[in-house]
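Below is one structure, written out as C-alpha cells; comments come after it.
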Amino acid sequence: MDRVDKIRGPISVLNRSDVDTDQIIPKQFLKRVERTGFGEFLFYDWAKEPGWDLDPNEILVTGRNFGCGSSREHAPWALQDYGFKALVAPSFADIFYSNCTKIGMLPVPLPEEEVHALMAVAEAEIDLEDEVVRFAGREVPFEIDPDLRHRLLNGLDDIGITLQSGEALERYEAERERAGPVTTSL
Amino acid sequence: MAAEPTTLFDKIWAAHEVAPGLLYIDLHLVHEVTSPQAFDALRIAGRKVRRPDRTLATADHNVPTDGSSRAAQILDQLSRVQVETLERNCAEFGVPIYSLGSERQGIVHVIGPELGVTQPGMTIVCGDSHTATHGAMGALSFGIGTSEVEHVLATQTLRQTRPRSMRISYSGALGFGVTAKDLILGTLGQIGVEGGAGYAIEFAGEAIERLTMEGRLTVCNMTIEGGGRAGMIAPDETTFEWLRGRPAAPDPLPLESWRALRTDEGARFDREVHVDANALSPQVTWGTTPGMVAPVTDAVPEPRTPGEERALDYMALEAGVPIEEIALDRVFIGSCTNSRIGDLRAAAAMVEGRRVAPSVQAMVVPGSANVKLQAEREGLDEVFRRAGFDWRSAGCSMCLGMNPDILAPGERCASTSNRNFEGRQGRGGRSHLVSPEMAAAAAIEGRFVDIRDWEPAREPEPAGAR
C-alpha cells in the first residue's frame, strides 16, 4: 500500500447526501475478478445526467453518509482508480470508511459547515501528519484513529501487522477458541 | 464484588479479543463477488487459508434462477467466470463450497442459519453488508470488504475499532398484518439511514421476543440500512428450537452457555431508543433510501430536503398521492431479507385462490435450494404458479440484479428485499420495499393495499389440484 501523507490540489465536489455504493459502482461491474480498471465505470448512471461534471482531482468533497449500502470494496477501488486520493464528507458509512483505509485512500470527516465551506473553494491541502485540512487560509482539524493514521502514514500492510501477533493468535486457538461448527465435516 | 453488568455484545467481544482490537472469527462465509481478488492476493503473497474448517462458501449473488445446475450452464460469461473462479479457489485452498447445483446452495445469509452453522455467541463475517442477519441468533456478525476478506482468510481474525452500543427496545406487540419487516422499516423511518452508524445494535423487548426466528433474521438483516455495523438479538427458546437437529448444530445443544448470552440488568448502552410496536402499521418505502418509508395508509410526503426531492423525481411520485394508489408493474418475493420458508408460506396464504393482476409480472425466488424443496413439498410452488407467479430457483436475484432478473427502466416494483436505491434492481427501476404479505397482496391488486382489511374472494380450487 502506498504511503499517505499530504494530499494537495484542486477539489471535485459532489453535493449529495446518502450516496450509496450502488451509485458509485453499479452491480454490472462487480463481475470482474480483477481489482483494477473500475475507474471508467465510476458513477456510471449519474455520469449520464445532463450537467454532470466530476473532474478526476485528488480530493473529492461530498455529502453526509457517503458510501452507504453494499460493502463492495469495488466502490473505493473505482474512486481511487478514477484519481481520488482523499474524500471529505460530514460522515461516511462504516464499512466504506474501513474499505477506503485498506487501500490507502483517506476518508476525512469534517463538520457539515466546514464541508460546505470547502465546497466553495477551489483548492485544499489535507495533511494526515498534522490531522488538518488547510483551505482559504485556514486550518480545520479532523479525527482519525491513531493506529490507523500510523498505518496509513507508513503504508503498512494489515495482514503483516496481524501476523506479528502470531503467538497471541496461536495461544488463542490453543486455549480459548470456541467450539463451533466444523465446515469441512458437514 | 459483583462483576460490572455487561451487554450481550460486550460478552461476545471479550470472548474473541486475541489482542486489543483484533477479533477472532469463528465463521467466515464467502461468496463469488467479493472474494476473487482476496484469493488472488493470497496466492501472490504465498499465503494459505488459515482455517478452512471455519470457512464456508456458496454461489448466490449472480447465479441465474432458471434452474441451471452447473456453473458451465450460466449464459452470462462474466457471471460464469466468477462462479467458476470461486469453485476453483475453494478447491485450491480447501474451502468447502455449496455451489450451483448443490442441495445446500443458497443465499449466504439464508443457508448459515438453515444449516445451523450460525450459532449463539459466535463471531461471523462475510464480504456482504447484510451479514448482520446472523446476529438474530445471538452472534456478533459484520459485513466486510474484500481486503478484510483476505485478512480473515489469512489470519482468521479481523481488526475492528470497538463500535459504540445501542439498544432498540420495542414495547407492546405487532398488530394483525404487521410483520417483522414492518417493524424494521418503521424503525428505519424513526432513526434514519445513519441513525445506527458506528453502533452495534441490540434489538430487545416484548415484540422482539414474540417474533419467530425468521422474523428476527429479517430484523437484523436490515441493521445495515440504518448504518449499524452489527445487529443482534439475545438467544432464547425460539433460537434453540430453531437450531435443534440442524446439520451443524451440536447435539445436545450447549444450553447453559447459550442462555448466559444476555445483556445483564443495569448494563449501560451508549444510546437507547424506544419504539412502540403497537403503533406500527404495514410499511411501504416511497423513496430511494430504506428510511424514506411511510405507513401504507399514508400519502407520499412533501419532500423536506434536496435528497427527498430527487428521490420523488426518480420514483416518479407526487407528494400527496395516497400510497394505496401506487400501481405496480412487478413484484419480487425473495432476498436475504424475506425468502425463508415462513416468508413464502405467508405470501402463499395471501395469493391462494387468487390471480396476479394482468398488469403485473410477479416472481418468487426462494432463499435456498432447501427452502425451494421444502416449499415444493408443501405445494406452495403450485399455489404461486396457479396465481400467476413465476417460481424460480435460489439466489440473490432481483434484490441486486446481478443475474438476468432485473427491472426495465421505469418499471415499478413491490419488493421484499432490503434496498430501494436508484437502479438497485435494474437501471431506472423503481423499488418499493414491503413485507412478503404486502408484496403478495400488491401482486393480486396491481397496487398497494392495506392487508389488514383486504379480503377479496378466492376462486374455488380446481378439481384434483392438490
* Asked: How large is log10 I(q)/I(0) at q = 0.14, 0.20 Å⁻¹ when the Debye formula is applied to the Cα atoms of region B:1-130, each weighted equally and without solvent?
  -> -0.68, -1.18
* Euclidean distance of C-alpha centroids, region B:173-222 and region B:229-260, integer Å -> 20
* Charged-residue dipole, Cβ positions (Lys, Arg, Asp, Glu), region B:117-231 about Cα centre, Debye nearest 20 -> 240
* Structure fact -> Expressed as a whole-number percentage, the relative contact order of region A:6-175 with C-alpha contacts under 8 angstrom and at least six residues apart is 22
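Hey, what number do you get for chain A at 222 nm if only DSSP H runs of n ≥ 4 count, each worth -39500 (n - 2.57), divided across all residues, to the nearest 500?
The helix contribution divided over chain A gives -8000 deg cm²/dmol.
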* Structure fact -> If amide H atoms are modeled at 1.01 Å from N in the peptide plane, then the residues at a separation of 5 or more from A:I25, or on another chain, having amide H under 5 Å from its own are A:F43
* By the scheme Lys and Arg +1, Asp and Glu -1, what is the net charge of all other residues having a beta-carbon under 12 Å from that of B:T65? -> -2
* Total accessible area lost when A and B pair, probe 1.4 Å, Å² to nearest 100 -> 5300
* region B:7-148, relative contact order in percent, only Cα pairs under 8 angstrom and at least six apart counted -> 28
* Structure fact -> Links exceeding 25 Å between C-alpha atoms in this model, out of B:K11/B:K372; A:K31/B:K181; A:K102/B:K48; A:K31/A:K102; A:K48/A:K102, come to B:K11/B:K372; A:K31/B:K181; A:K48/A:K102
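Using helices alone, I'd like the mean residue ellipticity at 222 nm for chain B: each DSSP H run of four-plus residues gives -39500 (n - 2.57), total over residue count, nearest 500.
Values: 15 runs with 139 residues, N = 466.
Mean residue ellipticity, 222 nm, calculated: -8500 deg cm²/dmol.
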* **Kirkwood-based Rg to Rh ratio, region B:101-154, C-alpha trace** => 0.98
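If you count only protein heavy atoms with a 1.4 Å probe, what accessible area per residue comes out for chain B, rounded to a whole Å²? Spell out each step's value before the answer.
Values: 15620 Å² over 466 residues.
In whole numbers, chain B has 34 Å² accessible per residue.
Net charge near A:F38, counting Lys/Arg +1 and Asp/Glu -1 over other residues with Cβ under 13 Å of its Cβ?
+1
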* **For the protein assembly as shown, the Rg and Dmax computed from alpha carbons only, in angstrom** => 23.7, 83
* Reduced Cα scattering model of region B:383-424, Debye log10 I(q)/I(0), q = 0.22, 0.27, 0.32 Å⁻¹ -> -0.86, -1.13, -1.27
* Asked: Taking the Cα centre of the protein assembly as shown as origin and charging only Cβ (+1 Lys, Arg; -1 Asp, Glu), how large is the dipole, in debye to the nearest 20?
  -> 1380
* With viscosity set to 0.890 mPa s and temperature to 25 °C, compute the Stokes-Einstein D of region A:124-183, Rh being the Kirkwood radius across alpha carbon pairs; µm²/s, no decimals. => 164
* Structure fact -> Partner shielding of A:19-31, taken as the mean number of other chain Cβ atoms within 10 Å, equals 6
* Work out the FRET efficiency for B:E272 and A:A136 from their Cβ-Cβ distance, taking R0 = 45 Å, and round it to the nearest 0.05. => 0.65
* Test item: B:17-26 mean partner chain Cβ contacts at 10 Å -> 4
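Which value, in nm² and rounded to one decimal, describes the direction-averaged projected area of the C-alpha convex hull of chain B?
The number I arrive at for chain B is 22.6 nm².
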* Calculate the radius of gyration of the Cα atoms of region A:6-175 to one decimal place, then report Dmax, the largest Cα-Cα distance, as a whole number, both in Å. => 17.1, 61
* **Furthest towards positive pole of dipole, A:L30, A:G160, A:P50, structure part region A:6-175, Cβ charges** => A:P50
* To do: Give me D for region B:85-186 in µm² s⁻¹, whole number, from Stokes-Einstein with Rh from the Kirkwood sum over alpha-carbon pairs, 20 °C and 1.002 mPa s.
  => 133
* Normalised by the residues of chain B, what does the relative contact order come to in percent, with Cα pairs under 8 Å and at least six apart? -> 17
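When each pair of different Cα atoms in region B:230-334 is counted once in the 1/r mean, what is the Kirkwood radius in angstroms, to one decimal?
Evaluated on region B:230-334, it is 18.3 Å.
Just how many % of Cα pairs in region A:14-96 lie over 19 Å apart, if you round to the nearest whole percent?
Summing the P(r) tail past 19 Å for region A:14-96 gives 30 percent.
For region B:179-270, would you read off the P(r) tail past 19 Å as a percentage of all alpha carbon pairs?
46
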* Structure fact -> Treating only Lys and Arg (+1) and Asp and Glu (-1) as charged, each at its beta carbon, one finds that region A:6-175 has a dipole about its Cα centre, in Debye to the nearest 20, of 520
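The values are calculated or read from the model by the stated rules, or taken from the named source; none is laboratory data. Quick caveat: nothing in here was measured; it's all calculated off a predicted structure. As a convention, Cβ positions derive from the backbone with ideal geometry for all residues, glycine included, and neighbour counts pool all protein chains shown. Accessible surface is based on the protein model in full, side chains and every heavy atom, while ligands, DNA and RNA are left aside. Shrake-Rupley method; radii C 1.70, N 1.55, O 1.52, S 1.80 Å.
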